[in-house]
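Just below is one structure, and these are the notes that go with it.
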Amino acid sequence: MSEPGSVGVVTPQRAHFPEPLVLKSGAVLPSYDLVYETYGELNAARDNAVLVCHALSGSHHVAGTYADRPKSLGWWDNLVGPGKPLDTRKFFVIGVNNLGGCYGSTGPVSENPATGKPWGADFPFVTVEDWVVAQARLADQLGIACFAAVIGGSLGGMQALEWTLRYPDRVRYAGIIAAASKLTAQNIAFNEVARQAILSDPDFHGGHYYEHGVVPTRGLRLARMVGHITYLSDDSMAEKFGRKLRHGEHMYHWDVEFEIESYLRYQGDKFAGFFDANTYLLATKALDYFDPAFDFDGDLPAALARAKADFLVASFTTDWRFSPARSRELMHALMRNGLKVSYAEIDCPAGHDSFLLDDPQYHAVLRAWFDGIEV
């Protein structure tokens, strides 16, 4: 077996869907495009495909780099590639930019065929369920009747769970990492603060800022800063920044004094420089709306009775946004239905973002799980 490596230079692909898509909200997308990437080869039996679902600000670019941007490493490159836990010598891996996204799939920045202008705020609400239906249509185009596995972290984990409910015969294994079956009131509250930061930006223009040639940078920046606080643990912030002062003393002004302030401002500025505010609004609403038990009077085991897949549920001890207790709740509900569930509670100090990092225990868990999938 060769040493772990990269999938190398990759090229995004585009799939067009001329058929209308009726969304959960009742709105209809007359047609749409999905941008995706693949790594590895689909085998003759077409039973080795793994769908990797992205989180709130992620994309189809899961692994590898782009020829014209050598530093454009995919967001899960540490896990996907030859010899890595999700081994592309064994599996055919697919990453998709979801509907409403801002990385090439049809979204608010795309042209609304009814007006000839960008959709902007008129782009319909999309849900986790809508994303999964769109992903299934892409699987149809690629000739994949059943996925070996569907996996994702955070919002991506919710999509993996939805796959097992909407298409129980089309997914054999589901990996739900640092996720939950629904958001808590606290999580919804954080999302609402982030949305209000964007909606109250004078440059938002009701979501039609493209036509004004501006971007609600201030709102998006604040939204990302709020979100970023929730992605980290108290311990990781203390270890990385503590109460370090940029100037070594208190300056008594509103500019950056503490290093944590500098870090958050940097993350906010960076994010506002490339992400679309309307996409951010839509994705946070998709998070808020997801709740498989909603139509079952809150009875989660009853809601999960349709699932047939084998599950991996993984959580991180310092993740306070999707705490281990929420993962155990999901695990117990799956087991109440007699489903096979592997559960890992990983001791990692990095908080919610742990699912993106190079934690040896975490990677060992994923490697063992993928090694156990026969194709």
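If you wrap a convex hull around the alpha carbons of the range 105-156, what volume per residue comes out, as a whole number of Å³? Each step should come with its number before you reach the end.
On the way: hull volume 5.5 nm³, N = 52.
Normalising the Cα hull of the range 105-156 by residue number yields 106 Å³.
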> Classify the range 59-184: rounded, prolate or oblate, from the alpha-carbon gyration tensor (a ≥ b ≥ c, eigenvalue square roots; a/c under 1.5 rounded; otherwise prolate if a/b is larger than b/c)?
Replying inline: oblate
>> Testing the spin-label approximation: label points 7 Å from Cα along Cα→Cβ at Val28 and Ala114. State their distance in nm.
In response: 1.1 nm
> Quick one: accessible area per residue over the chain, 1.4 Å probe, rounded to a whole number of Å²?
Replying inline: 43 Å²
> What does the highest-first list of 332-342, 278-288 look like by mean Cβ count within 10 Å?
Replying inline: 278-288, 332-342
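How would Ile346, Ile188 line up by accessible area, probe 1.4 Å, largest first? Mind dumping the intermediate values first?
Values: Ile346 0, Ile188 65 Å².
Ranked list, largest accessible area first: Ile188, Ile346.
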> Sorted from largest down, what three extents in whole angstroms do the Cα atoms of the range 151-260 have along their principal axes?
Replying inline: 62, 43, 24
> Among the aspartates and glutamates, which have Cα under 19 Å from the Cα of Lys84 when same-chain residues fewer than 8 positions away are ignored?
Replying inline: Glu3, Glu37, Glu41, Asp358, Asp359, Asp371, Glu374
> Is the shape of the range 252-326 rounded, prolate or oblate, going by the alpha carbon gyration tensor and its root eigenvalues a ≥ b ≥ c, with a/c under 1.5 for rounded and a/b larger than b/c for prolate?
Replying inline: prolate
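Leaving out ligands, DNA and RNA, what percent of the accessible area of the range 14-74 is carbon and sulfur, probe 1.4 Å?
On the way: 1500 of 2770 Å².
Accessible surface attributable to carbon and sulfur in the range 14-74 totals 54 percent.
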> Counting only the heavy atoms of the protein chains, how much of Cys146 is accessible to a 1.4 Å probe, in Å² to the nearest 10?
Replying inline: 40 Å²
> Going from most exposed to least, what order do Trp254, Trp163, Trp119, Trp75 have by accessible area with a 1.4 Å probe?
Replying inline: Trp254, Trp75, Trp119, Trp163
> Of Lys182/Lys308; Lys240/Lys270; Lys285/Lys308; Lys24/Lys182; Lys182/Lys285, which sit over 22 Å apart, Cα to Cα?
Replying inline: Lys285/Lys308
>> Probe radius 1.4 Å, ligands and nucleic acids ignored: give me the carbon and sulfur share of the accessible area of the range 242-283 as a rounded percent.
In response: 53 percent
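What's the longest piece of the chain with no exposed GluC sites (Glu not before Pro), counting a site as exposed if DSSP puts it in a loop and it has at most 10 other beta carbons within 10 Å? Write out the running numbers ahead of the final one.
Working: sites that count: Glu249, Glu374.
With GluC sites (Glu not before Pro) excluded where exposed in loops, the chain gives 1-248 as its longest stretch.
In a shell of Cβ-Cβ distance under 14 Å around Arg14, excluding Arg14 itself, what net charge do Lys and Arg (+1) and Asp and Glu (-1) give?
Details: positive: Arg137; negative: Asp33, Glu37.
Summing Lys and Arg as +1 and Asp and Glu as -1 gives -1.
The values are calculated or read from the model by the stated rules, or taken from the named source; none is laboratory data. Worth saying up front: this structure is predicted, and the values here are computed from it rather than measured. Ideal geometry is used to build each Cβ from the backbone, glycine not excepted, and the neighbour counts take in all protein chains shown. We work out accessible area using only protein heavy atoms, side chains counted, and drop any ligands, DNA or RNA first. Shrake-Rupley method; radii C 1.70, N 1.55, O 1.52, S 1.80 Å.
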